[in-house]
Amino acid sequence: MVPIFKVSSINGDGLDVLQKFLNVLPPTANSKELERLASNEHPLFQVDDVYTDVPDVGLVTCGIVKT
């Protein structure tokens, strides 16, 4: 099972629930990796699909977070 979160990049609706979920996940990286991730490196998200016809949701992007 994979959780799906309805969030808005316009007004931030739903971001609090997503943040709470991410905060309870166990860490998977070691301390060196966490330091690297905390640096000023820009995030990279590979968009694989874009859906525009999702009822009551709007635009949905799907992809993979690379870094």
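The values are calculated or read from the model by the stated rules, or taken from the named source; none is laboratory data. None of these values were measured; they are calculated from a predicted model. Note: ideal-geometry Cβ built from the backbone for every residue, glycine included; neighbour counts use all protein chains shown. The area values use the complete protein model at the heavy-atom level, side chains included, leaving out ligands, DNA and RNA. Shrake-Rupley method; radii C 1.70, N 1.55, O 1.52, S 1.80 Å.
Quick notes
- Helix 15-24 vs. the chain, principal-axis angle (Cα, 0 to 90°, nearest 10): 40 degrees
- Exposure of THR52 as accessible area (Å², to 10), given a probe of 1.4 Å and all protein chains: 110 Å²
- For the chain, the relative contact order works out to 22 percent when only alpha carbon pairs closer than 8 Å and six or more residues apart are counted.
- Neighbour net charge for VAL60 - beta-carbon separation under 13 angstrom, K R +1, D E -1: -3
- Taken per residue, the accessible surface of the chain reaches 93 Å², heavy atoms only and a 1.4 Å probe.
- Using the alpha-carbon positions of the chain, Rg (one decimal) and Dmax (whole number) come out as 14.5, 43 Å.
- With every protein chain in place, the chain: carbon and sulfur % of accessible area (1.4 Å): 59 percent
- Distance between the pseudo-spin-label points of ILE10 and PHE45 (7 Å out from Cα toward the beta carbon): 1.6 nm.
- Full extension of the segment from VAL57 to GLU35, taken as 0.36 nm per residue of separation minus the current Cα-Cα distance, would add 4.4 nm.
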